[in-house]
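*Asks:* Could you have a look at this structure, given as structure tokens, before my questions?
The values are calculated or read from the model by the stated rules, or taken from the named source; none is laboratory data. Please read these numbers as outputs of a predicted model, since none were measured by experiment. So basically every Cβ, Gly included, is an ideal-geometry build from the backbone, and we count neighbours across all protein chains shown. Please note that ligands, DNA and RNA were not included when accessible areas were found on the heavy atoms of the full protein model with its side chains. Shrake-Rupley method; radii C 1.70, N 1.55, O 1.52, S 1.80 Å.
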Amino acid sequence: MSGFSTRAIHAGQNPDPTTGSVIPPIYATSTFAQDGVGGTRGGYEYARSANPTRTALAECMAALEGGRYGLIFGSGMSTTDTLLRVALRPGDHLLIPLDAYGGTFRLVDKVLSVWGIEHTPVDLSDLAATRAALRPTTRMIWSESPTNPLLGIADIAALADVAHSADIRLVVDNTFASPYLQTPLALGADVVVHSTTKYLGGHSDVVGGALVTDDSELAEQLAFAQNSVGAVPGPFDAWLTLRGIKTLAVRMERHSDNAERVAAALARHPKVSKVYYPGLPEHLGHEVAAKQMRRFGGMVSFEVAPDGGDDPAAEAVRVCGATRLFILAESLGGVESLIEHPAKMTHASTAGSALEVPANLVRLSVGIEDADDLIEDLLQALG
Ligand SMILES: *Cc1c(COP(=O)(O)O)cnc(C)c1O
């Protein structure tokens, strides 16, 4: 297999055979002409089932994650929903991370629970706790590494052993790392899931999702379910994502460079009581992260020391509103830096649950601007 960037630029994207177009065309069509009944050209009949721009992205994603089958969805959440409804049945149970992505928690807690699917939040960095949480009905371990927003690290190879000893599947939401930094299938995971909205798209201009697996039976069931429920992206969305992916490797290197510098600057600041970044040697998951990731990525969270008033969130909220370069917004993984307050924004749905995040936590998506400008902005906001 060729190197990562070569795959990112070429996999699934040979020049168009009819025109030589170097870039895969945006096939803006809902249906495809047939040469006689049942005589499709290249297998395309109706665009909910398949579209060539989407196929190019699916092949590219499979190549990047080192898996045989790639499927592309309209969002990260529709990817998760389709996978969970195909892999689980009423009465089945799954483990999710203690600080799972808020939308994943909301999906299992509010939507799938109604259909009899049960879940337990567990600290997946604790293998003994993970084993202890397994029930006879547990069918899946759903993991994220690094987690959102606390940047917790799960040992993917060890989790795969736990899952496979129990004859169940390990799924890894690889959104925070991107396939450039980490490839979970190679570490033993059964399915890898992405919100391509984040680093893969990389420019905050498109919402999408993807999954990759080596399991042919599961891939076939997923394609059937996807076509049945219609959880598909349009061709322009697939095309934008393909364009973003071409620069993934250089962007991830720069995100990692900048985040390392930002994390170090925050760790030295008197108003910052804790920094969460797997690249810091004192981070609990640092060694495992160093083993399974190429670098440590662009996400940094930190706790702002409370100002002594009644509201423990006040100072963190103030900082989120005081940056000039970091834009106050949800989402992550774009070239521009973003700042947000998880307890009141991305993770508001976890309030009062086991997944509740610290009130004084701030999350950064460190972009690829000049690191000096980013650090100066944070220092002036902290005051
Ligand atoms: C954003 C995100 C999702 C959901 O993806 P959407 O594209 O917003 O539907 C899932 N997991 C993680 C870790 C995310 O950051």
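*Asks:* Can you name every residue in the range 232-248 that is of a type outside the set (Asp, Glu) and under 22 Å from THR82 (Cβ atoms)?
*Replies:* Selection gives VAL232, PRO233, GLY234, PRO235, PHE236, ALA238, TRP239, LEU240, THR241, LEU242, ILE245.
*Asks:* Say we look at the range 77-88 and pick out the residues that are touching a strand residue (DSSP E or B) at 6+ places or on another chain (Cβ under 8 Å) and open to solvent by 10 Å² or more (accessible area, probe 1.4 Å); which of these is nearest to the ligand (Cβ to nearest atom)?
*Replies:* For the range 77-88, the residue satisfying everything is MET77.
*Asks:* Out of the range 153-177, which residues are in contact with a strand residue (DSSP E or B) (Cβ under 8 Å, 6 or more places away or on another chain) and within 12 Å of the ligand (Cβ to nearest atom)?
*Replies:* Scanning the range 153-177 gives VAL171, VAL172, ASP173, ASN174, THR175, PHE176.
*Asks:* Would you confirm whether or not the range 141-148 contains a residue that is crowded, with 23+ Cβ neighbours inside 10 Å, in the same structural domain as ASN51 (by TED's automatic domain parsing) and modelled with pLDDT under 95?
*Replies:* Checked the range 141-148: at least one residue is crowded, with 23+ Cβ neighbours inside 10 Å, in the same structural domain as ASN51 (by TED's automatic domain parsing) and modelled with pLDDT under 95.
*Asks:* A further question on this structure: Among the listed residues ALA186, ALA154, ALA158, ALA177, which satisfies the condition of being under 23 Å from VAL212 (Cβ atoms), within 18 Å of the chain's Cα centre (by Cα) and open to solvent by 10 Å² or more (accessible area, probe 1.4 Å)?
*Replies:* ALA186
*Asks:* Are there any pairs with C-beta distances below 6 angstrom linking a residue in the range 354-382 that is without any contact (Cβ under 8 Å) to a residue 24 or more places away in the chain to a residue that is part of a helix (DSSP H, G or I) and of a type outside the set (Ser, Thr, Tyr), with the two at least 6 apart or on different chains, and if so which?
*Replies:* Taking only residues 6 or more apart or on different chains, not a single pair turns up.
*Asks:* Where the second residue is open to solvent by 10 Å² or more (accessible area, probe 1.4 Å) and more than 10 Å from the ligand (Cβ to nearest atom) and the first is in the same structural domain as SER349 (by TED's automatic domain parsing) and lies in the range 98-112, which pairs have Cβ atoms under 7 Å and are six or more apart or on separate chains?
*Replies:* So the pair list comes out empty.
*Asks:* One residue is enough: does the range 213-233 have a residue meeting the conditions assigned by TED's automatic domain parsing to the domain that holds ALA63, within 16 Å of the chain's Cα centre (by Cα) and either modelled with pLDDT of 95 or more or surrounded by 22 or more Cβ atoms within 10 Å (Cβ to Cβ) (or both)?
*Replies:* Checking the range 213-233: at least one residue is assigned by TED's automatic domain parsing to the domain that holds ALA63, within 16 Å of the chain's Cα centre (by Cα) and either modelled with pLDDT of 95 or more or surrounded by 22 or more Cβ atoms within 10 Å (Cβ to Cβ) (or both).
*Asks:* In this structure, is ILE26 in a helix (DSSP H, G or I) and either open to solvent by 40 Å² or more (accessible area, probe 1.4 Å) or hydrophobic (A, V, I, L, M, F, W, C) (or both)?
*Replies:* So ILE26 does not fit the description; no.
*Asks:* Also: Working carefully through the options LEU57, LEU98, find the one that is at pLDDT 95 or above and within 16 Å of the ligand (Cβ to nearest atom).
*Replies:* Every option except LEU57 fails the conditions.
*Asks:* Considering PHE296, PHE326, PHE302, which residue is among the aromatic types (Phe, Trp, Tyr) and open to solvent by 30 Å² or more (accessible area, probe 1.4 Å)?
*Replies:* PHE296
*Asks:* Would you point out the residue of the range 133-152, among those that are among the polar types (S, T, N, Q) and under 19 Å from HIS347 (Cβ atoms), that is nearest to the ligand (Cβ to nearest atom)?
*Replies:* ASN148
*Asks:* Are there any pairs, at least 6 apart or on different chains, whose C-beta atoms fall under 6 Å, with the first in the range 317-342 and farther than 18 Å from VAL357 by Cα and within 15 Å of the ligand (Cβ to nearest atom) and the second part of a loop (DSSP other than H, G, I, E, B) and open to solvent by 10 Å² or more (accessible area, probe 1.4 Å), and if so, which?
*Replies:* Short answer, once both residue conditions are applied: GLY333/LYS198; GLY334/HIS203; GLY334/SER204; LEU338/ALA329.
*Asks:* Which residue, of ASP307, ASP377, is more than 16 Å from the ligand (Cβ to nearest atom) and either open to solvent by 30 Å² or more (accessible area, probe 1.4 Å) or assigned by TED's automatic domain parsing to the domain that holds ALA160 (or both)?
*Replies:* ASP307
*Asks:* For the condition away from the ligand (no atom under 16 Å from the Cβ), on the phi < 0 side of the Ramachandran plot and either assigned by TED's automatic domain parsing to the domain that holds MET293 or not basic (Lys, Arg) (or both), what is the one hit in SER195, SER256?
*Replies:* SER256
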